[in-house]
Number of protein chains: 2
Amino acid sequence: MAQPDTVTRILDTAEVLFAERGFAETSLRTITSKAKVNLAAVNYHFGSKKSLIQAVFARYLDPFAVSFHAALDALEARYRDTSDAVPLEALLETLTRTVLEIPAERDSLKVFMRLLGLAYSQAQGHLRRYLQQEYGDLFTRFTELLRRATPELPETERFWRLHFMLGSVIFILSGLDALRDIAEKDFGERVSVRELVHRLRPVVVEAMNAPIAPPMPAST
Amino acid sequence: MAQPDTVTRILDTAEVLFAERGFAETSLRTITSKAKVNLAAVNYHFGSKKSLIQAVFARYLDPFAVSFHAALDALEARYRDTSDAVPLEALLETLTRTVLEIPAERDSLKVFMRLLGLAYSQAQGHLRRYLQQEYGDLFTRFTELLRRATPELPETERFWRLHFMLGSVIFILSGLDALRDIAEKDFGERVSVRELVHRLRPVVVEAMNAPIAPPMPAST
DNA sequence: GCCCTGTTAAAACAAATGTTTGTGTCTCTC
DNA sequence: GAGAGACACAAACATTTGTTTTAACAGGGC
């Protein structure tokens, strides 16, 4: 069979290795030897290791951003004539459906989610800057819809809860392999990412709609 | 003023740097030069970089484990005669109270939470093994109480929700500074860690008690 | 005095890292 | 078929990494 070309062989190998070990812990030599390409190929095609990392993300996120923008267009259109806002359930359903639809090849979803988690937790300031610059507007659009979906929530409360839930997703998915191993050992159940996302959606909905905490008793 | 001794100077510096950049991204030379100690001091006092990382965690977790065990003793005693299980709210209240009581020095809580997050997300297999070995029993005790507090939840569902919530807390508190800055800029509200934890508790309770998702439509 | 022990200091070590260089080898264009 | 451009390859380069070695220093007990 014809091997895919050098660039995609590097990307394929790099994304898996990055997801397994993190960025700093994965050397170019490990990548290139496993991908059966020359060491210098990375610097030739991508320029630097940083650019390679960004390219790995772009290959996932670019199609996702397009799909998600389109899905949000459709969603807003459906609720345009009714004067209602897009309900929270529908918004989350659209998000998860778009995320789950993207790959269809390999177990790329797991890899992608793990990479997202690493993007937050690893240092890699250049990566955060890159993601903010490339996909910041998409995030803004989503949060605006979220705002309209939960109008009864005070601004700050929604802000904190959003990041609370964001943290959950990133944390769970970035540590997925380890957690799944534990779950399999303890409960003998091997769950797919699809199913996990599906099962956690009501948890997010309920959490966003939780009652506001009573004012805290003053201390000190 | 008398400088603290070499060992604690190393620990103080290392924990901050680790929290800022991660473990692999922080070199011993950065630590020792910032701590104003000799490079070889780390290997002399701790043996290796791995052992230093573990020591940073032990300095936080050892006192916490003692306090939390004691707090759980008291909590169980209070509910011993009543045949009821410890309610979820009380369990979470005990946990957050213990966490908040420990430090009182530096802004160590924030740093500690960030380290905990890194411990999960970074490779560092030795660290996970160490934490499991040293504090596994405390975690087991807590999850057992959690199990009794949510008897209607299937085992695996509780497992995943627990880690879901764990992720939230770690994520929020580890990125606290950045998030708080945004919140202050956007909403003009500066919230304390205490208050944040207080306000997020009902979110956790509600999330744990969320309805089970309906079975997922089969695909491929 | 001397020796022993615990600690610090400077230097060197071996290994691993990202990147660059020079050369060879195709393939397409004129 | 000659020349050019794109790519692959091996080797070397300059740093940076964790760790070890060796010597120096300080203090207390005999």
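What follows draws every value from the coordinates through simple rules; no lab data is involved. All of these numbers come straight from a predicted model, not from anything done at the bench. Please note: Cβ atoms are built from the backbone with ideal geometry, for glycine as well, and neighbour counts cover all protein chains shown.
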### Summary
If unit charges are put on Cβ atoms (+1 for Lys and Arg, -1 for Asp and Glu) and the dipole of region A:1-98 is taken about its Cα centre, the option from A:Phe57, A:Ser27, A:Ala70 lying farthest towards the positive end turns out to be A:Ser27
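Taking only the Cα atoms of region B:1-114, how large is their convex hull per residue, in Å³? Before the final figure, lay out the partial values.
Numbers: hull volume 14.6 nm³, N = 114.
Value for region B:1-114: 128 Å³ per residue.
Can you work out D for chain A in µm² s⁻¹ from Stokes-Einstein, where Rh is the Kirkwood radius over C-alpha pairs, the temperature is 4 °C and the viscosity is 1.567 mPa s?
Numbers: Rh = 19.6 Å.
For the chosen part, D equals 66 µm²/s.
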### Summary
For chain A, the charge dipole (Cβ of Lys, Arg +1; Cβ of Asp, Glu -1; about the Cα centre) points to a positive end, and the Cα of A:Phe142, A:Val16, A:Val42 closest to that extreme belongs to A:Val42
## Note on the structure
Any trypsin sites (Lys or Arg not before Pro) in region A:1-60 that lie in a DSSP loop and have at most 14 other Cβ atoms within 10 Å would be A:Lys36
### Query
Can you list, shortest first and in nm, the gaps between the label point of A:Ser33 and those of its counterparts in the other copies, using a point 7 Å from Cα in the C-beta direction?
3.0
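Past the 31 Å Cα-Cα mark, which pairs from A:Lys34/B:Lys36; A:Lys49/A:Lys110; A:Lys34/B:Lys50; A:Lys110/B:Lys34; A:Lys50/A:Lys185?
Numbers: A:Lys34/B:Lys36 41 Å; A:Lys49/A:Lys110 22 Å; A:Lys34/B:Lys50 27 Å; A:Lys110/B:Lys34 39 Å; A:Lys50/A:Lys185 37 Å.
Flagged as over cut-off: A:Lys34/B:Lys36; A:Lys110/B:Lys34; A:Lys50/A:Lys185.
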### Task
Round to a whole angstrom and tell me the spacing of the C-alpha centers of region A:61-89 and region B:1-74.
48 Å
#### Entry: GNM flexibility winner over chain A from A:Glu152, A:Glu15, A:Glu134 (Cα, springs under 10 Å)
A:Glu152
### Task
Could you give me the radius of gyration and the Dmax of the protein assembly as shown, taking only the C-alpha atoms into account and expressing both in angstrom?
22.9, 72
